[in-house]
Amino acid sequence: MTSSRPVTQLLQDWRSGSEEALNLLMPLVYDELRSLAAGYLNKERPGHTLQPTALVHEAYVRMVDMDVAWQDRAHFFALSARLMRRVLVDHARSRSSKKRGGGLRPVTLEEGLAAATEQPESMMALDDALTRLAGIDERKAKVVELHYFGGLSYDETAAVMDISAATVDRDLRFAKSWLLKELAEGHAG
């Protein structure tokens with residue numbers, strides 16, 4: 001894992017318009033991004049058409065044009081995780097729209113968070129549930145995203161959110177319970 005200080009400085013330089021900073025940043029973070037992408041895809045259905053490299057590159061393309069006030073390394077990886085989640089959801093929606101029939105099926109939180117089901121509708125159901133949770137309590141939804149999708153520890157999530165690790169724990173317990181109920185009930189949104 002890279003030291004957060006050089007990555008943080010490069011992120012700030014990149015935001016200030018330095019193309020050189022971006023060129024120096026990518027080799028420092030690429031392996032971690034690819035590992036994060038591989039972790040997502042290992043939990044996807046066998047034979048997924050996206051590969052880790054393609055997932056990283058698609059997230060990168062989306063990130064390059066964003067104007068983000070980078071805080072630190074954890075913030076960078078949290079946003080990367082969010083973008084990868086969006087890529088997977090968009091991919092699932094695309095696959096689902098090409099299929100005939102079918103509706104959303106309820107999934108457990110563990111299935112959804114791990115993206116372990118074979119149906120693209122499962123990822124869409126989880127995404128819809130997280131969107132509903134964000135409408136009720138944005139902080140809890142962001143904590144779920146950072147911890148489960150971003151792979152951040154409780155302490156890293158707490159630092160990004162500027163809350164305590166105990167609050168992260170409470171938010172995750174509440175969110176898990178709420179999401180399990182939503183997914184079990186199969187709300188269509």
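The values are calculated or read from the model by the stated rules, or taken from the named source; none is laboratory data. Just so we're clear, the structure is a prediction, and the values are computed from it rather than from any experiment. For neighbour counting, all protein chains shown are included, and Cβ atoms are generated from backbone atoms with ideal geometry for every residue, glycine included.
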| request: For the range 159-175, name all the residues that are at pLDDT below 90 and of a type outside the set (Val, Ile, Thr). | output: Ala159, Met161, Asp162
| Filtered residues of the range 44-60 (kept if under 14 Å from Gly150 (Cα atoms) and at pLDDT below 85) | none
| Residue among Leu10, Leu25, Leu33, Leu113 that alone is at pLDDT 65 or above, under 19 Å from the mean Cα position of the chain (by Cα) and crowded, with 16+ Cβ neighbours inside 10 Å | Leu33
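Does the range 176-187 contain any residue that is without any contact (Cβ under 8 Å) to a residue 12 or more places away in the chain and in a helix (DSSP H, G or I)?
Just the residues of the range 176-187 that are without any contact (Cβ under 8 Å) to a residue 12 or more places away in the chain, to begin with: 177, 181.
Now drop any that are not in a helix (DSSP H, G or I), which leaves 177, 181.
Yes, there is a match, as at least one residue in the range 176-187 is without any contact (Cβ under 8 Å) to a residue 12 or more places away in the chain and in a helix (DSSP H, G or I).
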| Residues located in the range 144-158, provided they are part of a helix (DSSP H, G or I) and either modelled with pLDDT of 85 or more or not charged (D, E, K, R) (or both) | Val144, Leu146, His147, Tyr148, Phe149, Tyr154, Asp155, Thr157, Ala158
| query | Within the set of pairs 6 or more residues apart or between chains, which connect a residue that is within 12 Å of Glu58 (Cβ to Cβ) inside the range 69-98 to a residue that is assigned to a loop (DSSP other than H, G, I, E, B) and at pLDDT 80 or above with Cβ atoms less than 9 Å apart? | reply | Leu83/Met66
| query | Name the pairs whose Cβ atoms lie under 6 Å apart, with the first residue in the range 131-152 and under 16 Å from Arg170 (Cβ atoms), the second of a type in the set (Asp, Glu), and 6 or more positions between them or separate chains? | reply | Lys140/Asp171; Val143/Asp171
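Would you be able to tell me the number of residues in the range 161-174 that are within 20 Å of Leu130 (Cβ to Cβ), of a type outside the set (Lys, Arg) and out of contact with any Phe, Trp or Tyr (no Cβ under 9 Å at 6 or more places or on another chain)?
At the first step, the residues of the range 161-174 found to be within 20 Å of Leu130 (Cβ to Cβ) are 161, 163, 167-174.
Now drop any that are not of a type outside the set (Lys, Arg), which leaves 161, 163, 167-169, 171-172, 174.
Filter once more, so that each one left must be out of contact with any Phe, Trp or Tyr (no Cβ under 9 Å at 6 or more places or on another chain): 161, 163, 167, 171, 174.
Residues meeting the conditions: 5.
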| request: Keeping to the range 61-76, report how many residues are modelled with pLDDT of 85 or more and buried (at least 21 other Cβ atoms within 10 Å of the Cβ). | output: 1
